[in-house]
Each structure stands twice: as C-alpha cells, then as structure tokens.
Amino acid sequence: MALLRCILFLAALCSLIPALHASAGDADPIYKSCVVQCEKSGCVGEKCFQHCKFSSDGKPIDGPWYMQEPLYLRWKQWDCRSDCRYHCMLAREEEREKLGDKPVKYHGKWPFQRVYGIQEPVAVALSALNLAMQFHGWISFFILVYYKLPLNPNKRTYYEYTAVWHIYGILSMNSRFWSGVFHSRDVELTEKLDISSAVALLGFSLILALLRAFNVRDEAARVMVSAPLIAFVTTHILYLNFYKLDYGLNMKVCMAMGIAQLLTWAVWAGVTRHPSRWKLWVVVAGGGLAMVFEIYDFPPYQGYIDALALWNAINIPLTYLWWSFVRDDAEFMTSALLKKAK
C-alpha cells in the first residue's frame, strides 16, 4: 500500500507540469518607462550608476581605461541596462507593495535582492553546500571501495557499479557548480551551462537507476540500456543550445526523467530485501517533495528565499543520505560476492 501511494504521488506530479506562468513584470508600462528613462539619464530616482555615463547627444561615454571598472570586478557583467532593469524592478515592486499587489516576475525572474552583485545569494550559498555534500559523498565512496573493502586479484573492486557511481558523482558536482554560477549571474552562457549540466545529470541518473534496480551486470546489456537514453539526452542538449532554448519542453523532459527515475527506485525499494532500503524510501519521498518546489515556485521571501532555495535546502540532507545508501550498497554487494566465492 505504501508503494502504491508513493507511485500515485509521483505520477500526480505530471499533472502539475503545465501550470507554469510567463513573467508579467517586464510588460508593465510603468516599469518599461522607467527602464527607458534610466538608460537615457543613467539614474533611477536619486540613484545613478557608473555604467551609465552619457554625453549631451545621448551617446555612451566609455571613458579612458584607468577610469573603467577593474577587470576582476567585471565577472558579474552588470552594465547600464542590467542596473536600470534591477533598480526599476525594485522601485516598481515598492509601489506595487504599497498598493497591496503581489510580486511578479521580470524577464522570467522573481525580484531578488542582490548581494555584492550576486543575483540570488541564498540559492548560491545552498548550491555551494550541495556541491560540498556531493564531493564529500563521492570521496567517501572512493575511499571505501578502493581502500576499505577488499579488491579482487586484478586490483579492481568487487562492487560492479563503481564506475557508474564515479560518473554520477562527477556529473552531480558539475551540475551543482554551474547551478551556483548561474544563480550568481544569469546570462545566456551560464543559463545554458546550468540547464545542460542538469539535463545530463538527470539522464545519467535514470540510466543508473535502471542498471542498479534491474541488476544489469553484462556489459552488452548495459550498452543496450544506456545508448538510447544517451542519444536522447545528447540530442535534447544540442537542441536547447543550438536551435531553441525551449523552457516548456525542457521542463517536461526533465520532469519525465526525474519521475521515471524516482518510480524505478521506489518500485525496487518495495521488492528488494536490501538492508538499507529505508534510505531509498526517504530519498524517493524527499525527491518527490523537492519536485513540487521545482514546479510551483513562489515569490522570494524578503527578496532572498524562494522555491528553488528550498529545493536546494531539501537536497542537502538527501544528498548525504543518498551517498550513505551507495556506500551501504557497495558493502552489501561486495560481502555477497565474497560469500559466493567461498
């Protein structure tokens, strides 16, 4: 019954996918007028920006090289238009709050408060913690299989899924890294790197789930399972990067792979006698809860904490528990293989 409820809950998430709303703030006439005026004057109210220095004929003046912002500070890539949009957004949101209106998105983003040029400081901090947890989990797994568990005569691990977990760890750390970079500064390059790394991680996670749940050990069988999914994920990434960055399509693809992965683990946890299966149940339930925040976001509390920040926060303990299961699985399978060898 618990397995059935879990499957129904995860499947029901599919019905939430269409409930995505386009941003409305950037279509606001008052906001648009503010941005146009700011780009001409270089100021929003009494606040003016060093990027926006104009001559009397309206042309921007770059100024001599020694008057420009140092190169090591330009990583955030804030220019006149970016600063104008940001401060016009804040000014407009203050007006809307006084009128009792709820916050709206601007250019696809909620109105966040910047900190030292970082767009979403809480999400960046939590992404960094997730990266640290992934590294800790992966390195502890590496130490376990190569230095604590016995190796076979060829100096290879008895655990037959060592290689795929190494790939998973590298893809996970890569995804967390680019997530942090993207949330620190949203530009086209960082957005594509964030999306591409997340899609690659989801695709490989589904492959890993299928290989482990169905106990696929034969190399030819592994290739037959992996090749179609690798081809699909690669094609999808190329489509997003070089043809059209379709957010709606990408959300559906990611949700489909995520739900398929969670369902695979949930079904396996329901039928296996694995001693650490309870950890799988916790991760599956937590992963389903985290998906809700991925679909239904909400305005950031005090301009800092939004649904994505909560998603990152949920994933920190889940990551620790997940790698704990992986280590338990390595010990369990190694022990079973050694008993059979005797």
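The values are calculated or read from the model by the stated rules, or taken from the named source; none is laboratory data. Everything quoted here is computed from the prediction, not taken from an experiment. Reconstructed Cβ throughout: ideal geometry from the backbone, glycine too, with neighbour counts over all protein chains shown. When the accessible area is computed, the model is the full protein with side chains, heavy atoms only, and any ligands, DNA or RNA have been set aside. Shrake-Rupley method; radii C 1.70, N 1.55, O 1.52, S 1.80 Å.
For the stretch 119-341, the square roots a ≥ b ≥ c of the C-alpha gyration tensor eigenvalues yield an a/c of 1.5 or more together with a/b exceeding b/c, which makes the shape prolate. Centre-to-centre separation between the Cα atoms of the stretch 212-260 and those of the stretch 99-167: 20 Å.
Given axes a ≥ b ≥ c from the Cα gyration tensor, I'd like to know whether the stretch 214-342 is rounded (a/c under 1.5), prolate (a/b larger than b/c) or oblate. Here the stretch 214-342 falls in the oblate category. Taking the Cα centre of the stretch 209-342 as origin and assigning +1 to Lys and Arg Cβ atoms and -1 to Asp and Glu Cβ atoms, the resulting dipole is close to 680 debye.
Restricting the stretch 131-165 to trypsin sites (Lys or Arg not before Pro) that sit in a DSSP loop and have at most 14 other Cβ atoms within 10 Å of their own Cβ leaves Lys155, Arg156.
Which chymotrypsin sites (Phe, Trp or Tyr not before Pro) in the stretch 261-342 pass both tests, a DSSP loop state and at most 16 other beta-carbon atoms within 10 Å?
Values: sites: Trp265, Trp268, Trp278, Trp281, Phe293, Tyr296, Tyr301, Tyr304, Trp311, Tyr320, Trp322, Trp323, Phe325, Phe332; in loops: Tyr296, Tyr304.
In loop regions of the stretch 261-342 (DSSP not H, G, I, E or B), the sparsely surrounded chymotrypsin sites (Phe, Trp or Tyr not before Pro) are Tyr296, Tyr304.
Within the stretch 123-228, the chymotrypsin sites (Phe, Trp or Tyr not before Pro) that combine a DSSP coil assignment with at most 13 other C-beta atoms in a 10 angstrom radius are Phe214. Per residue, the stretch 245-342 exposes 47 Å² of accessible surface when a 1.4 Å probe is rolled over the protein heavy atoms with every protein chain present.
At a 1.4 Å probe radius, carbon and sulfur cover how many percent of the accessible area of the stretch 180-308?
On the stretch 180-308, the fraction of accessible area on carbon and sulfur atoms equals 69 percent.
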